[in-house]
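Here the structure comes first, spelled out in structure tokens, and everything after it is commentary.
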Amino acid sequence: GENGGGAVLLIYLAIVAVFGVSLLLAEVLIGRSTQRNPVGALARLGGRWWSLVGLLGVLTGFVILSFYVVVAGWTVAYIGFAASGALSSTDPATLGALFQAFVGSFWSPLLYALFFMVLVALTVSGGVARGIERANKVLMPLLFLLLLALVAHALTLDGSGAGVAFLLQPDFSKVTGATFSAALAQAFFSLSLGMGCMLTYGSYLSAHDR
């Protein structure tokens, strides 16, 4: 909203098309050609000191995971809240009080985050094919169906037409240098670039994979 609605969306898509896809392919190619993790791959291509760049990517992923785990724990908790009817209210004060009570507790967010980490560990322990890919075959279609359901529901709400117009009608008068910076950061974030994630995925691909 601060960057002109659809204006920042168009800039983001342009950055993804021009830079994002190229960098994504480059990371996968490096992983595929070296068959190593980010630290080993960059050390093999550029020398010993380049391993520090790979290490920086791994540390970036660790920092990102540190808050992903917390938010994912909240998500697991809110599944329980929804099932129990605790989210049936439409009063912002009531819902805000529920959230504040939850995050204000010491043990509840910690246990839900730990539960999520156990689920992740069990999935990753199966490897790429038997773990991650098997889970994605179920979870990604489910995510897509949930998004469609949310979009369909949102379009039935009052003011939905104004919201869609705000999203699709760009206001370039609000575009600044910070807009491009935000769009670039979002492109890297949404494509998982610069943290060794896609490089690691590429390392699992053999030279015969297409």
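Here A86, A101, A162, A135 are screened, and the one residue that is among the aliphatic types (A, V, I, L, M) and touching a Ser or Thr at 6+ places or on another chain (Cβ under 6 Å) is A135. For segment 184-210, a residue qualifies if it is among the small types (G, A, S) and either at pLDDT 85 or above or in contact with a Cys (Cβ under 8 Å, 6 or more places away or on another chain) (or both), and the qualifying residues are A185, A187, S190, S192, G202, S203. From the list G202, G96, G161, G104, the lone residue that is under 30 Å from V18 (Cα atoms) and of a type outside the set (S, T, Y) is G202.
So, of the residues in segment 119-128 that are part of a helix (DSSP H, G or I) and open to solvent by less than 70 Å² (accessible area, probe 1.4 Å), which turns out to be modelled with the lowest pLDDT?
Per the criteria, the residue is V128.
When you check G61 against the structure, is it in a helix (DSSP H, G or I), modelled with pLDDT under 90, crowded, with 17+ Cβ neighbours inside 10 Å and not hydrophobic (A, V, I, L, M, F, W, C), yes or no? Judged against the criteria, G61 is a match. Screening segment 163-178 for residues that are modelled with pLDDT of 90 or more and among the small types (G, A, S) and picking the one that is farthest from G57 (Cα to Cα) gives S173.
When the residues of segment 1-54 are filtered to those that are of a type in the set (F, W, Y) and in contact (Cβ under 8 Å) with a residue 60 or more places away in the chain, which remaining residue is farthest from M198 (Cα to Cα)? It comes out as Y12.
Take the residues in segment 184-210 that are part of a loop (DSSP other than H, G, I, E, B) and among the hydroxyl-bearing types (S, T, Y), then tell me which one is surrounded by the most Cβ atoms within 10 Å (Cβ to Cβ).
Going residue by residue through segment 184-210, those that are part of a loop (DSSP other than H, G, I, E, B) are 191-196, 204-210.
Within this subset, residues satisfying the condition of being among the hydroxyl-bearing types (S, T, Y) are 192, 204, 206.
Details: S192: 17, Y204: 15, S206: 8.
Residue satisfying both the conditions and the ranking: S192.
Taking the stated definitions as given, is S181 modelled with pLDDT under 95, of a type in the set (S, T, N, Q) and assigned to a loop (DSSP other than H, G, I, E, B)? Here the answer is no, as S181 does not meet what is asked.
Considering only segment 66-79, I want to know if a residue exists there that is open to solvent by 70 Å² or more (accessible area, probe 1.4 Å), in a helix (DSSP H, G or I), of a type in the set (V, I, T) and farther than 30 Å from F102 by Cβ. Checked segment 66-79: no residue is open to solvent by 70 Å² or more (accessible area, probe 1.4 Å), in a helix (DSSP H, G or I), of a type in the set (V, I, T) and farther than 30 Å from F102 by Cβ.
The values are calculated or read from the model by the stated rules, or taken from the named source; none is laboratory data. For clarity, every value in this text was computed on a predicted model and none was experimentally measured. Ideal geometry is used to build each Cβ from the backbone, glycine not excepted, and the neighbour counts take in all protein chains shown. Ligands, DNA and RNA are stripped out before the accessible areas are found, and what is left, the full protein with its side chains, is counted by its heavy atoms. Shrake-Rupley method; radii C 1.70, N 1.55, O 1.52, S 1.80 Å.
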